[in-house]
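Report on one structure; see the data block that follows.
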Amino acid sequence: MKLNAVAGSLISCDLLVEIELNDNLTDNEIIIESPSIIQYGKKMKEITYEEIIRNGLKKFVRIKIVDKGALDYVLRARLQTAFNRIGKMMIVGENDE
């Protein structure tokens with residue numbers, strides 16, 4: 001099963017989060033594109049892993065973040081929205097089987 005969810009935008013002071021849930025992944029993968037990757041990349045990865053754990057995912061995900069200067073709380077909100085969308089898709093998918 002492969003599911004994708006997106007949250008956010010590419011306007012200034014925002015970011016776009018794309019989450020892919022794929023049965024073929026063997027580990028979590030985080031890809032960050034940001035003009036401030038050197039300054040904030042480590043913190044963005046920490047927040048992303050915290051949100052993966054907080055959401056209790058039982059499968060591996062690939063997360064791509066395209067940052068346009070967003071603050072920490074925006075990253076958390078966008079991740080939470082994308083995780084919620086993935087969760088809703090999983091519920092629908094289980095009902096289809």
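The values are calculated or read from the model by the stated rules, or taken from the named source; none is laboratory data. Keep in mind that this is a model prediction, so the values were computed, not measured. Neighbour counts are summed over all protein chains in view; Cβ atoms, including those assigned to glycine, are modelled from backbone coordinates with ideal geometry.
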### Query
So which strands (runs of 3 or more DSSP E) stay within segment 1-86 end to end and still have 3 or more residues that are surrounded by fewer than 16 Cβ atoms within 10 Å (Cβ to Cβ) and in contact (Cβ under 8 Å) with a residue 12 or more places away in the chain?
2-8, 29-33
#### Entry: Matching residues in segment 18-40 - criterion: being within 14 Å of ILE65 (Cα to Cα), over 14 Å from the mean Cα position of the chain (by Cα) and among the hydrophobic types (A, V, I, L, M, F, W, C)
ILE37
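Condition check ((1) modelled with pLDDT of 95 or more; (2) on the phi > 0 side of the Ramachandran plot) across all residues:
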| site | (1), (2) |
| --- | --- |
| GLY56 | no, yes |
| PHE60 | no, no |
| ASP67 | yes, no |
| LEU75 | yes, no |
| LEU79 | yes, no |
| GLY87 | no, no |
| GLU94 | no, no |
| GLU97 | no, no |
